[in-house]
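Novice: Here it is, the structure in full.
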Amino acid sequence: MQNQCEVINPYHMAQVGKMFSRKPLHYYLFRFWALCLFLLLMLLGLDRQYGVVQSFVQFLCRACVGLDG
Amino acid sequence: MNIKATRVSIQVLGLVLHNLGLTFSLKTGIVTPALYCYACPLAMFACPIGTLQHFCALRILPLYAIGSLGFLLTAAGRSFCGWICPFGSLHDALGLVRSRWKKTALVKLKACSAAKFMMLLAVLAVAWYAADTIYCRFCPSASLFASIPYFILNPTSGVPFYFVMHMLTLVVVLVLALVVGRFWCRYLCPMGALNGVFNRFSILKITRSESECTGCGSCVEKCPMGIGDLSAIGKSSDCILCGRCVEACTKHALRFAT
C-alpha cells in the first residue's frame, strides 16, 4: 500500500486536477456549440464537394425502409 | 517526459505527418492549421492559406476549410504554431543555432499582432482581386518545402523567375529568424494571425495563478514570441502555447488548462 502511495506523485495528481479547472457551465457550452458549428460547416463543405450527406441519407433510407433516394 | 521533449517529439512527428504524401497518392486534402505548402511533392495536407486564397479567387465560401480550421483551432488555439507547424519548427531550430551563437537574442523586439492581421487581410484581398493565389509565389514556407524539391525533381535549363523570388524571400526570412526569434511567426505569418484569433476561445490554454505568481518574469524572458506582459501569456494572439513559460516558472504558477 505504501509503495502505491509513493508511485502516485501528489504534485502530478494536483496538476492533473488543476488542468480541468472548474469553470461556469456557459464557458464549456459556448465551446461545445462552436465545435458543433464548425463540424456542421465541415460536413456542408464535404457535402458540396462529394455529396457525402446525400449519399449517407440515401444509404440510411435504403437500409431502413428500402427506399431509393 | 518533460514539456520540451514532448514538444520536440510532436514537432518531428508533425514534420513526418506533413510529408507522408510520398507517392502523390496520400494527398488527403485535409486542412491543418500549419503553414506547409500543398504544392510540395511530399505534402499530405492542404495549406490553409493556399486553400483560403484559392476559394477567394473562385469567389466561393470555403465551407470545409472554415469548418476544419475552426474545429481544430477551437480545440487547441495557436498551439499548432508551437507544436506542429514545420516552418515554426524550423524557426525553433534556428533559435537553437542563435542561442549557441549568443546566449540571448540579438534583437529583442516585442510581438506585434497588427502586422500579421494586415498581412492576412492583404493576402486574401489580393487573391480576391487578382483571382489568383499571389501570396503563394512569395511564401517562404513554399520556397522551402515546394520550390526547392520541385527544382531538384524537375531541373530546367533556366531558373524560373518565381524560383528566384522564392529564394529571396526564404533567405531574407531565415536571416531575420537568426536575429529575431520566430521572426516570421511574430510579425508576418498570416496563418499565425488566423490561429491567434482563436486563442481567446480555445479549449486548451495556459493559465496563470495570480496567487502563486511572484512576478519574477522568468516566463516572459523565455518566451520565443517576445510577449513582454505577464497577463498576456496564454491570452494574447501572439502566444503559441509552446509551454516554455510553463517550464520556466519555478513556482508552478503557469499551467496548461482547459
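What follows draws every value from the coordinates through simple rules; no lab data is involved. Keep in mind that this is a model prediction, so the values were computed, not measured. All Cβ positions, glycine included, derive from the backbone under ideal geometry; neighbour counts span all protein chains shown.
Novice: For chain B, modelled as a GNM with alpha-carbon contacts under 10 angstrom, which of B:VAL246, B:VAL123, B:VAL164 fluctuates the most?
Specialist: Among B:VAL246, B:VAL123, B:VAL164, the largest GNM mean-square fluctuation belongs to B:VAL164.
Novice: Under the rule a/c < 1.5 gives rounded, and otherwise a/b versus b/c splits prolate from oblate, where does region B:116-185 land using the Cα gyration tensor?
Specialist: It comes out oblate by the Cα gyration axes.
Novice: Another question, then. Roughly how tilted is helix B:113-130, in degrees to the nearest 10 and between 0 and 90, from the longest Cα axis of chain B?
Specialist: 20
Novice: Residue by residue through region B:35-48, what is 3J(HN,Hα) from phi via Karplus (6.51 cos²θ - 1.76 cosθ + 1.60, θ = phi - 60°)? Round to whole Hz and write x for glycine and proline.
Specialist: With the stated coefficients, region B:35-48 comes to 7, 9, 5, 6, 7, 4, x, 9, 5, 9, 10, 9, 6, x Hz.
Novice: Shifting gears a bit: How much of the calculated P(r) for region B:3-204 lies past 28 Å, in percent of all Cα pairs?
Specialist: 25
Novice: Around B:ILE206, which amide H atoms from residues at least 5 apart in sequence, or from another chain, sit under 5 Å from its own amide H, with H modelled in the peptide plane?
Specialist: B:ALA257
Novice: Right, here's the next one. Using modelled amide H (1.01 Å from N, peptide plane; none on Pro or chain starts), what sits under 5 Å from the amide H of B:VAL31, excluding residues fewer than 5 places away?
Specialist: Residues meeting the criterion, in which the H sits 1.01 Å from N, are B:ALA46.
Novice: Calculate for the protein assembly as shown the 222 nm mean residue ellipticity that helices alone would give, adding -39,500 (n - 2.57) per DSSP H run of length 4 or more and normalising by residue count, nearest 500 deg cm²/dmol.
Specialist: -17500 deg cm²/dmol
Novice: Please report, in debye to the nearest 20, how large the charge dipole of the protein assembly as shown is about its Cα centre when each Lys and Arg carries +1 at its beta carbon and each Asp and Glu carries -1 there.
Specialist: Taking the Cα centre of the protein assembly as shown as origin, the dipole is about 760 debye.
Novice: Okay, moving on. For B:SER237, what residues show an amide H to amide H distance below 5 Å, using hydrogens built from the backbone and excluding near sequence neighbours?
Specialist: Amide H to amide H, under 5 Å and 5 or more residues apart or across chains, B:SER237 pairs with nothing.
Novice: GNM, chain B, Cα, under 10 Å: largest mean-square fluctuation among B:SER113, B:SER209, B:SER236?
Specialist: Result: B:SER209 has the largest fluctuation of those listed.
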